[in-house]
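Please read the structure below before turning to the comments.
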């Protein structure tokens with residue numbers, strides 16, 4: 001299929017990230033071109049857990065960087081408290097069914113050639129340094145995201 | 001209109017389900033073809049309240065099936081606690097205005113020929129049996145969903 | 001670019017409204033036509049803070065109007081409690097980076113010619129009067145929204 005899908009990853013939650021990456025991986029298997037634009041809380045998903053830094057940050061940025069999720073496995077569920085369902089329960093159920101973890105899906109997406117973009121404004125507001133993100137991530141502006149999204153056959157805001 | 005709309009129903013909340021089904025029904029009135037793909041929490045909306053079973057399920061799957069919403073009327077609001085607004089208050093306001101309930105919209109969508117798909121992987125992880133879902137639901141893979149979505153004029157992630 | 005973007009603004013949260021308006025403003029800078037359809041909680045964003053009324057409303061509608069956010073600056077964060085991050089902290093970080101506020105983005109969108117639509121059914125259920133909304137807002141039905149969205153190159157549900 002000579003098609004293109006664009007995902008704006010706004011949410012920083014485990015289940016929504018799982019859905020987004022599952023779609024991205026599946027689309028690549030169909031030879032669909034995929035770009036993911038990570039903005040706001042979505043940036044947590046592409047933080048490199050090994051590379052947090054405190055250098056050259058304001059007090060707020062330091063605090064923010066420390067208290068927020070560092071990489072995929074630290075993301076919370078979007079419905080954490082619903083009916084007592086915890087993230088561990090979901091993970092256990094996924095393991096029972098031999099479903100890959102979020103990190104597996106993220107690595108799959110990298111390997112399959114999903115293009116990762118980070119939102120310039122979000123990165124600046126949250127005080128992240130480009131070095132703190134996965135090396136596959138390229139920082140672009142909202143204008144560049146929109147041009148890409150408008151040239152796609154399908155756009156999702158997740 | 002010779003058009004097609006595709007909704008990925010990810011959320012399992014009353015207000016979001018209302019929005020999605022209202023769009024689906026309205027689109028059918030415009031002769032737009034509509035497919036809804038229920039994944040993750042969205043599956044709660046298409047559980048048949050009469051047909052829950054415990055057979056052939058792991059401990060987690062049994063617990064999960066029991067503590068989560070069984071069908072449309074048990075779905076919570078996405079903003080339950082905001083400013084003290086409760087679901088009952090919304091329902092009362094809807095009744096004052098003679099707005100149909102979620103179940104009415106769901107039945108309308110069935111009657112109007114909205115196509116209902118359930119996500120194979122989500123069904124497996126959550127341990128639902130195909131029999132526990134509405135009889136109108138067909139289980140498909142993420143790949144089949146994507147092929148359908150990419151052939152649509154409009155895709156929403158709700 | 002001779003393109004058109006349509007945003008269905010369902011959420012009534014500060015961060016999601018910021019994302020939506022930022023996209024709307026940026027799209028206008030690219031000469032993309034933009035329509036925003038405000039439904040459900042999204043209506044809070046286009047209430048005119050100066051114009052709340054209690055006239056001709058049911059008890060529920062009066063209560064609802066009083067306890068819910070009146071205009072952009074009263075919107076809560078979608079992840080209020082996440083890791084202790086408060087709205088004030090986000091606002092301070094935005095100010096450090098000289099990012100415009102939500103009200104600035106809203107005024108920018110008006111000036112740049114983003115078309116504002118309010119959902120007729122939502123307005124009725126919530127009991128808002130057309131006078132209580134920004135003067136730029138035109139009330140339309142879900143059918144009119146869909147016709148507009150289906151004629152767009154990109155649709156987002158936020």
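Beta-bridge orientation, the protein assembly as shown: approximately 5 percent antiparallel, per DSSP, counting only bridges with both partners inside.
Between segment A:13-35 and segment C:1-67, the C-alpha centres lie 29 angstrom from each other. Label point of residue C:104 (7 Å along Cα→beta-carbon): distances to the other copies' equivalent points are 4.6, 4.6 nm, sorted ascending.
Residue A:73 label point (Cα plus 7 Å toward Cβ) to equivalent points in the other copies: 4.4, 4.4 nm, shortest first. Considering only A:32, A:123, A:67, the Gaussian network model of chain A with Cα springs below 10 Å gives its largest mean-square fluctuation to A:67. Restricting to segment A:1-138, compute how many DSSP beta bridges are antiparallel as a %, nearest 5. DSSP beta bridges in segment A:1-138 are roughly 10 percent antiparallel. Relative contact order of chain B: 38 percent, from C-alpha pairs under 8 Å at least 6 residues apart in sequence. Any idea what the relative contact order of segment A:78-158 is, in percent, if you count C-alpha pairs under 8 Å spaced at least 6 apart? Reported relative contact order: 22 percent.
The same position residue C:129 in the other copies lies at 5.7, 5.7 nm from this copy, comparing label points 7 Å beyond Cα toward the beta-carbon, shortest first.
For residue B:112 and residue A:55, a Förster radius of 45 Å and the Cβ-Cβ distance give a FRET efficiency of 0.15, rounded to the nearest 0.05.
Panel order for B:117, A:60, by other beta carbons found within 10 Å of each beta carbon, from fewest to most: A:60, B:117.
Residues C:94, C:154, B:93 in ascending order of nearby Cβ atoms (within 10 Å, fewest first): C:94, B:93, C:154.
Of B:54, B:102, B:23, the residue with the greatest mean-square motion in the GNM of chain B, using alpha carbon springs below 10 Å, is B:54.
Considering chain A as a Gaussian network with a 10 Å cut-off on Cα pairs, which listed residue, A:135, A:122, A:58, attains the greatest mean-square fluctuation? Per the Cα network of chain A with a 10 Å cutoff, A:58 tops the list.
Quick note: the coordinates plus some simple rules give every number you see, no bench work behind them. Only a predicted model underlies this, so the values are computations on that prediction, with no experimental measurement involved. Cβ: placed from backbone, ideal geometry, glycine included. Neighbour counts: every protein chain shown.
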